[in-house]
1. Need the list of lysines near LYS83 for cross-linking: C-alpha distance under 18 angstrom, and skip anything on the same chain fewer than eight residues off.
2. Relative to 2.2 N^0.38 Å, what does the C-alpha radius of gyration of the stretch 46-105 come to as a ratio? Two decimals please.
3. Just to be sure I understand: with springs between alpha-carbon atoms less than 10 Å apart, which residue in ILE35, ILE58, ILE95 has the highest mean-square fluctuation in the Gaussian network model of the chain?
4. What is the calculated FRET efficiency for GLN2 to LYS83, with r their C-beta to C-beta distance and R₀ = 30 Å, to the nearest 0.05?
5. Among THR93, THR22, THR48, which one shows the highest mean-square fluctuation when the chain is modelled as a Gaussian network with alpha-carbon springs under 10 Å?
6. To the nearest 0.05, how large is the calculated FRET efficiency for THR93 and LEU10 if R₀ is 35 Å and r is the Cβ-Cβ distance?
7. Using only the Cα atoms of the chain, construct the convex hull and provide its projected area averaged over every direction, in square nanometres to one decimal.
Amino acid sequence: MQISEVKDILRKFATPAVMMGTLTQAQLDRAIDSITEEVPIERERLITFREAAAQLEISSKTVSRMVEAGELQSKRLRPSCAKSARIFQSSVTKILTPEAEEAATK
């Protein structure tokens with residue numbers, strides 16, 4: 001669906017609110033413009049426990065402990081399946097970044 005189509009649908013459904021005076025046309029235009037601004041969608045990269053362990057040069061068990069301690073963020077792809085857990089790459093990168101080490105020692 002194109003952004004122009006989304007704008008048309010929003011205008012169609014909001015027109016009664018404008019006609020009743022609940023919403024001004026200017027308010028509607030601003031709302032639609034703010035909602036439909038093209039924002040690049042950036043997906044967070046997920047990696048396996050083994051990949052995280054390799055990057056951090058530690059064992060997978062230590063990665064599990066770090067997740068339990070809240071030092072690494074993880075997500076289960078299938079809530080009922082423990083083996084579907086993945087680690088957010090950004091949480092591994094945060095640990096590997098020199099600035100993170102400096103901030104931790106201060």
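1. LYS61, LYS75
2. Compactness ratio reported: 1.12.
3. Result for the chain, Cα springs under 10 Å: ILE35 fluctuates most.
4. That gives a FRET efficiency of 0.15.
5. So, out of THR93, THR22, THR48, the one fluctuating most is THR22.
6. Efficiency computed from Cβ-Cβ geometry: 0.40.
7. With the hull built on Cα positions only, its mean projection is 11.8 nm².
No value in this document is a laboratory result; all are computed from the given coordinates. As the structure is a computational prediction, the values presented were derived from the model and not from experiment. Reconstructed Cβ throughout: ideal geometry from the backbone, glycine too, with neighbour counts over all protein chains shown.
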